[in-house]
Structure formats: C-alpha cells, structure tokens
Amino acid sequence: MFTIVQKELNAFFSSLMAYVIIGFFLLLMGLCMWIFPETNVLDEGYADMQTLFRFSPYIFMFLVPAITMHSLAEEKSVGTLEILLTTPLSLTYIILGKYLASLIIILLTLLFSSIYYFSVYCLGSPPGNIDTAAVIGAYMGLMLLAAVFAAVGLLASSLTKRQIVAFLFGVLTCFLLYQGFDAWITLQTWKSYALLIAQLGIHYHYEALSRGVIDTRDLLYFASMTVVFLFATGLVLNYRT
C-alpha cells in the first residue's frame with residue numbers, strides 16, 4: 001500500500017500541476033484574507049480565520065477533484081490498471097494507497113496555509129489575541145471535509161478514463177453534497193423536514209466544526225461518508241474488472 005502512496009506522490013510532485021494547484025489555493029486564500037474588500041481581515045478588525053474557513057470549501061470543490069482526477073482515470077487510459085489489479089496487493093490496499101496519497105497532498109496544502117494563521121496571530125492586538133483552539137477545530141473540520149471530497153474524487157476517477165470528465169463529475173458531486181441539501185430545504189414542500197434534510201449535507205456538519213465545536217456526530221458523519229464513497233469505488237473497480 002505504501003508503495004502506491006509513494007508512487008502517487010512522486011508522480012504528482014514531478015509534474016507542474018502539483019505546484020499550480022497548491023499555489024492557486026494559497027494565492028486565492030491570500031487575496032480573500034488580505035485584499036478583497038468584502039472579506040479581508042484588516043477591514044473586519046477581528047483576529048480570526050473565518051474568512052479562510054468560509055471560502056476554503058468552495059475552493060476545495062475544485063482543488064480536490066483536480067488532485068484525484070488522475071488517480072484511476074490515468075491508469076485506465078494508459079492500460080496499467082489491469083496490471084495493477086493483478087499484483088499481490090488487494091483491491092482495498094490499492095484504493096487506500098491512492099486515497100492516502102491524495103490526503104497527504106491536501107494536508108501539505110493546509111500546512112502551507114498556516115502562514116495565514118501566524119500572520120493573524122502576530123497582527124492581533126495584543127499579539128496572540130486569537131482563539132487557537134477554535135482554529136485547530138476548524139482546521140480539523142476542513143481536513144474532514146477534504147477527506148470526503150477526496151473519496152468522491154476517487155470514485156469519479158474510477159468511473160471514466162478521461163481525467164477532465166472525472167474532474168467535472170467530482171466538482172459537481174462535491175458541490176451537490178455541500179450545497180445541494182441547503183437548496184433543497186428552500187422548497188416550500190420540504191420546510192417541515194428542513195433540519196433532517198440539512199443534516200444529510202456536508203455544510204451542516206462542517207459549519208459546526210468550523211466554529212471549533214467538536215461533536216462526535218459530526219465526526220461520525222464525515223467518517224461514514226468517506227467509507228461509503230471508498231466502498232463505492234471498490235464496487236466500480238470490481239464490476240469493471
């Protein structure tokens with residue numbers, strides 16, 4: 001399994017795409033936090049990281065599928081998936097190896113974004129006037145959200161041999177899971193089931209974690225969603241082989 005992780009990481013960081021993706025995230029978050037008038041921290045006057053945690057999910061809808069789109073689609077397009085599946089490694093280890101590689105890349109991206117935390121920390125009045133525990137909890141929520149998106153992206157990559165199709169399908173699915181249920185409850189017919197429907201979507205659980213509130217129900221939700229999409233990826237690969 002760790003051989004696959006290493007192979008995926010080497011392939012990712014040997015391409016220009018890796019640095020474009022990570023640089024795009026850091027640049028866009030920097031613009032949101034320091035430049036754009038409606039969102040920048042300096043104008044708001046509060047030493048917090050809510051701007052990053054509010055906009056990161058929407059950036060991750062594109063970033064994470066861009067990371068995962070090649071994982072299985074490329075193996076299919078060049079004809080190496082069949083060879084990979086005949087190795088002594090089980091299908092579970094193959095899927096987990098590719099999934100863990102994606103998570104490591106996402107984690108590195110988030111680690112680079114910690115520069116914004118230290119900037120806000122130093123700019124506080126007095127310096128250090130920031131709720132660090134809440135920031136850690138929010139980062140945990142963002143990582144869990146990215147973990148679900150990565151599982152979705154891996155499933156999308158298993159459905160096609162075209163990377164651009166896998167990317168588009170991943171983006172659409174991530175958007176529907178994050179925002180679709182909130183749009184659903186705006187329909188008058190479903191008003192009485194609003195809370196139940198909202199709890200089915202990622203946004204409801206991520207919002208709680210982004211405030212620094214760690215609830216086992218939210219953790220269980222993200223874990224369950226991740227397992228469901230990884231299991232679905234296994235079913236797709238089993239069916240196609």
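Consider only pairs whose beta carbons are under 8 Å apart and that are at least six residues apart or on different chains; among these, list those whose first residue lies in segment 104-125 and is under 17 Å from residue 25 (Cβ atoms) and modelled with pLDDT under 90 and whose second residue is outside any helix (DSSP H, G or I) and of a type in the set (A, V, I, L, M).
So the pair list comes out as 116/49; 117/49; 117/130.
Given the conditions (1) surrounded by fewer than 19 Cβ atoms within 10 Å (Cβ to Cβ); (2) of a type in the set (Gly, Ala, Ser); (3) modelled with pLDDT of 90 or more, report the number of the one that residue 101 does not fulfil.
(1)
Checking residue 88 against (1) surrounded by fewer than 21 Cβ atoms within 10 Å (Cβ to Cβ); (2) in a helix (DSSP H, G or I): exactly one of these is not met. Which one?
Exception for residue 88: condition (2).
I'm trying to understand the selection: among the residues of segment 39-74, which are crowded, with 16+ Cβ neighbours inside 10 Å, at pLDDT below 80 and part of a helix (DSSP H, G or I)?
41, 50, 51
Here is a check on your reading of the model: is residue 172 under 18 Å from the mean Cα position of the chain (by Cα) and under 30 Å from residue 136 (Cβ atoms)?
On the way: under 18 Å from the mean Cα position of the chain (by Cα): yes; under 30 Å from residue 136 (Cβ atoms): no.
So residue 172 does not fit the description; no.
Restricted to segment 126-155, and to residues that are touching a Ser or Thr at 6+ places or on another chain (Cβ under 6 Å) and surrounded by fewer than 24 Cβ atoms within 10 Å (Cβ to Cβ), which residue is modelled with the lowest pLDDT?
Within segment 126-155, the subset touching a Ser or Thr at 6+ places or on another chain (Cβ under 6 Å) is 138, 141-142, 147-148, 150-155.
When the remaining residues are screened for being surrounded by fewer than 24 Cβ atoms within 10 Å (Cβ to Cβ), the result is 142, 147.
Details: 142: 90, 147: 94.
Only one residue fits best here, namely 142.
So, in segment 155-173, exactly how many residues are in contact with a Leu (Cβ under 9 Å, 6 or more places away or on another chain) and either part of a helix (DSSP H, G or I) or over 12 Å from residue 70 (Cα atoms) (or both)?
9
Of all the residues that make up segment 94-149, how many are among the acidic types (Asp, Glu) and closer than 25 Å to residue 1 by Cα?
Initial filter on segment 94-149 (among the acidic types (Asp, Glu)): 131.
Cutting the leftovers down to closer than 25 Å to residue 1 by Cα gives us none.
Qualifying residue count for the region: 0.
So is residue 100 in contact (Cβ under 8 Å) with a residue 24 or more places away in the chain and assigned to a helix (DSSP H, G or I) or not? If you could, list the steps in order and put the result at the bottom.
Numbers: in contact (Cβ under 8 Å) with a residue 24 or more places away in the chain: yes; assigned to a helix (DSSP H, G or I): yes.
Spelling it out, residue 100 is indeed in contact (Cβ under 8 Å) with a residue 24 or more places away in the chain and assigned to a helix (DSSP H, G or I).
Kindly list, by first and then second residue, each pair from a residue in segment 208-231 that is farther than 29 Å from residue 157 by Cα to a residue that is of a type in the set (Ser, Thr, Tyr) and assigned to a helix (DSSP H, G or I), limited to pairs with Cβ atoms under 6 Å and residues at least 6 apart or on different chains.
Once the first residue is farther than 29 Å from residue 157 by Cα and sits in segment 208-231, no partner that is of a type in the set (Ser, Thr, Tyr) and assigned to a helix (DSSP H, G or I) comes close enough.
Counting only residues that are loosely packed, with under 14 Cβ neighbours inside 10 Å, part of a helix (DSSP H, G or I) and in contact with a His (Cβ under 9 Å, 6 or more places away or on another chain), how many does segment 200-225 have?
1
Please give the number of the condition residue 4 fails out of (1) part of a loop (DSSP other than H, G, I, E, B); (2) among the aliphatic types (A, V, I, L, M); (3) under 28 Å from residue 177 (Cβ atoms).
(1)
Could you tell me whether any residue of segment 15-31 is of a type in the set (A, V, I, L, M) and in a loop (DSSP other than H, G, I, E, B)? Step through it out loud before you land on a result.
We begin by selecting, within segment 15-31, every residue of a type in the set (A, V, I, L, M); these are 16-18, 20-22, 26-29, 31.
Adding the requirement that they be in a loop (DSSP other than H, G, I, E, B) leaves none.
No, every residue in segment 15-31 fails to be of a type in the set (A, V, I, L, M) and in a loop (DSSP other than H, G, I, E, B).
The values are calculated or read from the model by the stated rules, or taken from the named source; none is laboratory data. Note that this is a predicted model, so its numbers are computed, not measured. Cβ sites come from the backbone with ideal geometry, for glycine too, and all protein chains shown count toward neighbours.
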